[in-house]
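Pasting a structure below so you can have a look.
The values are calculated or read from the model by the stated rules, or taken from the named source; none is laboratory data. Quick caveat: nothing in here was measured; it's all calculated off a predicted structure. Glycine also receives a Cβ, built like all others from the backbone with ideal geometry; neighbour counts cover every protein chain displayed.
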Amino acid sequence: MSNIGSFDERVRTFDWSIAERELEYTAGSGINIGWYCADRICAKGGAQKLALLWENAQGEEKRFTYDDVRVYSNAVGAFLRRLGVERGDRVCLFMDKVPELYIGAVGVLKIGAIAQPLFSAFGDESLHVRLENAGTSVIVTQRKHASKVRKILDRLPQLRHVVIVDHDGARALKEREVAFRMEAERVETLDLCPTTAESPSLLHYTSGTTGMPKGVQHVHYSLVSQYLTAKWVLDLTEKDIYWCTADPGWVTGTSYGIIAPWSLGVTQVVLDAGFSAEAWYRLIEKYRVTVWYSAPTAIRSLMKAGDELVKQFDLSSLRHLISVGEPLNAEAVVWSERVFGLAFHDSYWQTETGSIVISNYPGLPIKAGSMGKPFPGVTAGLLDVQTFEPITAPGVVGVIALRPDWPAMMRGYWQNEATYQAKFKNGWYMPGDRARLDREGYFWFVGRDDDVINTAGHLVSPFEVESALLEHPAVAESAVVSKPDPINMEVVKAFVALKPGFSPSDELELDIMNFIRKKLSPLAMPQAIEYVASLPKTRSGKIMRRLLHAKEWGEDLGDTSTIEND
Ligand code: WT7
């Protein structure tokens, strides 16, 4: 029997107080995610239970019990306090998937500071805009990433300390740098910051169509959503060995890679390494993984590696598979059912929603290709693309709309009230996606409602890439759109007009690609560059991205005069 039991019964009788009771939280009292992820589990007899089974590409292994997470997160919290970090300060976590990232986040939350995780593959420019926007005062990183921080230090006067977690102390530290070894001392006690439901917890940056990335502000009360969705959608129980393949630089890796599993006292596995089908299957076999939360690009990559490889491993421990981040194509669901004997359950949500809002559930029939139904307690519908009136007829495309009343919903964009308000209409929150509903209330994803590129489950803003391209000496102007890709669903493509004196060449193409990879990230790097003499523009001079996009996707443009008059 699954945790959720009967889906329909849960919908009928739903109340968030179900989770509050289990968490022994009463409205108005204190709530601190950091404490829930370690100290509470220890207090309930779980101190010696394994919280984290970690390994990296070099085959190094580490194991942490819940008591280890408790004392080392205390150590992180105490150290940051000694550096002067106070409640509400932004502390950026800029690391690979090392234990310090996971346990560090718990420590930051315990002292009431705001954890700002950033993907470690980000280049100096991506890093700079996010640290500057957040007014971050401390960044915690590894030696291998410190050079990117050094490059932008001059432009970040508010960044007081650069904490390096793997510095041996032998070599000299550079400006503002300080060495910290998490496991040097077991810190038994730490004064917990008395955070309450609406105290800020995490600040996750996400990309939009226009403007720079936005900081999505979450609060400690989000725990209530993350806990219950993990129980009912991921079906996590105390016996599980859970593997969330997402990086905590992105929201899946924090909501369901730190907060959800640890607040439930579950043992989780982390692989700090790049993708390899063989390494993934070996990990599942070795640790006897039971619940696996992954993403469509990874599943498509596994499909590509072939069925024969699957047969070389004993994957019989697996019992529940869930996916998130991009459309999960029907073929991937059918394939997983064939090779693992288990269908991947698609789930839909985003950085702003903080927790799963639409999903497939254990026990509820899966319609391959559909995202499933709203989580009990989440009201979801579709609105007309033009009038924003609710759509009830099945099969009609509309924008997804959610009543913003579940605990993990964002509380705002960091210092950007106008953009936040623009996401709401008539009391609905619009995540920026289009879908269809069928007669049984299942949602079918259609596409984004904006120009944001979703490559391998990661959002890339065309605006951010275009801005960075303009800094390349050869680029006069550019337009960035998505291009279809069999594995990553979409990849970045740039149309580039060169400055006088530069001519198209393969070397220049590579140079531009590397320029973006280093400045922004490997994800944002254009996989294709097309040289053009000029870019199509509206009469008012706006570049017509939509025209280029339609060409890439072989879509009919219809009446282009409306585009030109934009
Ligand atoms: C955007 C959110 C929280 C998940 C990690 C990404 C797209 C997400 C699905 C899905 C089709 C999906 C949407 C969404 N997306 N899940 N199951 N099917 N599209 O979080 O970076 O904030 O991206 O990813 O477009 O708005 P994110």
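Any idea which residue in the stretch 431-449 is surrounded by the fewest Cβ atoms within 10 Å (Cβ to Cβ), counting only those that are in a loop (DSSP other than H, G, I, E, B) and more than 9 Å from the ligand (Cβ to nearest atom)? Write out each step before concluding.
Pass one, the stretch 431-449, residues in a loop (DSSP other than H, G, I, E, B): 431-432, 438-442, 449.
This time we only want the ones that are more than 9 Å from the ligand (Cβ to nearest atom), so: 438-442.
Numbers: D438: 12, R439: 8, E440: 10, G441: 12, Y442: 21.
Selected residue: R439.
Exactly one of these conditions fails for A368: (1) under 23 Å from T252 (Cα atoms); (2) surrounded by fewer than 16 Cβ atoms within 10 Å (Cβ to Cβ). Give me its number.
That leaves (2) as the condition not met.
Looking at the stretch 113-125 only, could you name the residues that are buried (at least 23 other Cβ atoms within 10 Å of the Cβ) and either out of contact with any Asp or Glu (no Cβ under 8 Å at 6 or more places or on another chain) or modelled with pLDDT under 95 (or both)?
Result: A115, Q116, P117, L118, F122.
Check whether at least one residue in the stretch 147-160 is closer than 16 Å to G77 by Cα, among the small types (G, A, S) and not in a strand (DSSP E or B), and report yes or no. Reasoning before the result, please.
In the first step, residues of the stretch 147-160 are kept if they are closer than 16 Å to G77 by Cα; the result is none.
No, the stretch 147-160 contains no residue that is closer than 16 Å to G77 by Cα, among the small types (G, A, S) and not in a strand (DSSP E or B).
On the basis of being in contact with a His (Cβ under 9 Å, 6 or more places away or on another chain), within 16 Å of P462 (Cβ to Cβ) and part of a loop (DSSP other than H, G, I, E, B), does L523 make the cut? Show your work before the answer.
On the way: in contact with a His (Cβ under 9 Å, 6 or more places away or on another chain): yes; within 16 Å of P462 (Cβ to Cβ): yes; part of a loop (DSSP other than H, G, I, E, B): yes.
Yes: the conditions hold for L523.
Right, here's the next one. Taking the criterion of being closer than 25 Å to Y221 by Cβ, in contact with a Leu (Cβ under 7 Å, 6 or more places away or on another chain) and buried (at least 23 other Cβ atoms within 10 Å of the Cβ), would at least one residue in the stretch 8-31 satisfy it?
For the stretch 8-31, residues closer than 25 Å to Y221 by Cβ, in contact with a Leu (Cβ under 7 Å, 6 or more places away or on another chain) and buried (at least 23 other Cβ atoms within 10 Å of the Cβ): present.
When you scan the stretch 327-348, how many residues do you find that are touching a helix residue (DSSP H, G or I) at 6+ places or on another chain (Cβ under 9 Å) and in contact (Cβ under 8 Å) with a residue 60 or more places away in the chain?
Adding up the residues that qualify gives 3.
Oh, and also: Being farther than 28 Å from P404 by Cβ and in the same structural domain as P362 (by TED's automatic domain parsing) is true for just one of G34, G59. Which residue is that? Quick ask: steps written out before the conclusion?
On the way: G34 fails: farther than 28 Å from P404 by Cβ.
After ruling out the rest, the residue left standing is G59.
Residue-wise test of (1) outside any helix (DSSP H, G or I); (2) farther than 18 Å from V162 by Cβ.
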residue: G88; (1), (2): yes, yes
residue: C92; (1), (2): yes, no
residue: I103; (1), (2): no, yes
residue: G112; (1), (2): yes, yes
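On to the next question. Quick one: would you say S370 is under 22 Å from G5 (Cβ atoms), within 15 Å of the ligand (Cβ to nearest atom) and assigned to a strand (DSSP E or B)? Break it down into steps so the answer makes sense when it comes.
Working: under 22 Å from G5 (Cβ atoms): yes; within 15 Å of the ligand (Cβ to nearest atom): yes; assigned to a strand (DSSP E or B): no.
Here the answer is no, as S370 does not meet what is asked.
Only residues that are under 27 Å from the mean Cα position of the chain (by Cα) and either part of a helix (DSSP H, G or I) or without any contact (Cβ under 8 Å) to a residue 60 or more places away in the chain (or both): list them for the stretch 27-43, please.
Passing the criteria: I33, G34, W35, Y36, C37, D39, R40, I41.
Restricting the search to the stretch 327-346, which residues are crowded, with 17+ Cβ neighbours inside 10 Å and among the charged types (D, E, K, R)?
D346 - this is the single residue of the stretch 327-346 that is crowded, with 17+ Cβ neighbours inside 10 Å and among the charged types (D, E, K, R).
Is it true that some residue in the stretch 263-280 is within 13 Å of the ligand (Cβ to nearest atom), out of contact with any strand residue (DSSP E or B) (no Cβ under 6 Å at 6 or more places or on another chain) and of a type in the set (D, E, K, R)? Spell out the reasoning first.
Step one: filter the stretch 263-280 for residues within 13 Å of the ligand (Cβ to nearest atom), giving none.
No, because not a single residue in the stretch 263-280 is within 13 Å of the ligand (Cβ to nearest atom), out of contact with any strand residue (DSSP E or B) (no Cβ under 6 Å at 6 or more places or on another chain) and of a type in the set (D, E, K, R).
Here's another thing I want to ask about it. Run P213 past the list (1) more than 16 Å from the ligand (Cβ to nearest atom); (2) touching a residue at least 40 places away in the same chain (Cβ under 8 Å); (3) crowded, with 17+ Cβ neighbours inside 10 Å and report the number of the one that doesn't hold.
So P213 meets the others, but not (1).
While we're here: Taking the criterion of being hydrophobic (A, V, I, L, M, F, W, C), assigned to a strand (DSSP E or B), closer than 27 Å to H220 by Cα and at pLDDT 95 or above, would at least one residue in the stretch 423-430 satisfy it?
Our first condition is that a residue be hydrophobic (A, V, I, L, M, F, W, C); within the stretch 423-430, this holds for 424, 428, 430.
Filter again for assigned to a strand (DSSP E or B), leaving 424, 428.
Keeping just the survivors that are closer than 27 Å to H220 by Cα gives 424, 428.
Remaining after also requiring at pLDDT 95 or above: 424, 428.
Within the stretch 423-430, one or more residues are hydrophobic (A, V, I, L, M, F, W, C), assigned to a strand (DSSP E or B), closer than 27 Å to H220 by Cα and at pLDDT 95 or above.
Further, regarding this structure: Quick check: anything in the stretch 337-354 aliphatic (A, V, I, L, M) and within 16 Å of the ligand (Cβ to nearest atom)? Even if it seems obvious, please write down each step before you answer.
So the first thing to find is which residues in the stretch 337-354 are aliphatic (A, V, I, L, M), and the list is 339, 342-343.
With within 16 Å of the ligand (Cβ to nearest atom) added as a condition, the list becomes 343.
Checked the stretch 337-354: at least one residue is aliphatic (A, V, I, L, M) and within 16 Å of the ligand (Cβ to nearest atom).
I'd like the full set of residues that are touching a strand residue (DSSP E or B) at 6+ places or on another chain (Cβ under 6 Å) and within 16 Å of the ligand (Cβ to nearest atom), limited to the stretch 300-326.
Residues satisfying the conditions are L321, I322, S323, V324, E326.
Could you tell me whether any residue of the stretch 490-506 is in contact with a Leu (Cβ under 6 Å, 6 or more places away or on another chain), under 29 Å from G381 (Cα atoms) and in a strand (DSSP E or B)?
No: zero hits.
Filter the stretch 458-486 down to residues that are away from the ligand (no atom under 16 Å from the Cβ) and in a loop (DSSP other than H, G, I, E, B) and give me whichever is surrounded by the fewest Cβ atoms within 10 Å (Cβ to Cβ).
P486
So that you can scan it fast, the table gives a plain yes or no per residue for (1) farther than 20 Å from A19 by Cα; (2) of a type in the set (A, V, I, L, M); (3) out of contact with any Cys (no Cβ under 6 Å at 6 or more places or on another chain); (4) assigned to a helix (DSSP H, G or I):
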site: S255; (1), (2), (3), (4): no, no, yes, yes
site: I259; (1), (2), (3), (4): no, yes, yes, yes
site: W262; (1), (2), (3), (4): no, no, no, yes
site: A298; (1), (2), (3), (4): yes, yes, yes, yes
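Among the listed residues V108, V138, V91, which satisfies the condition of being buried (at least 20 other Cβ atoms within 10 Å of the Cβ), more than 20 Å from the chain's Cα centre (by Cα) and in the same structural domain as L203 (by TED's automatic domain parsing)? Lay out the reasoning, then the answer.
Working: V108 fails: more than 20 Å from the chain's Cα centre (by Cα); V91 fails: more than 20 Å from the chain's Cα centre (by Cα).
Going through V108, V138, V91 in turn, the sole match is V138.
Just one of (1) farther than 19 Å from R90 by Cα; (2) surrounded by fewer than 20 Cβ atoms within 10 Å (Cβ to Cβ) trips up A197, so point out which.
Condition not satisfied by A197: (1).
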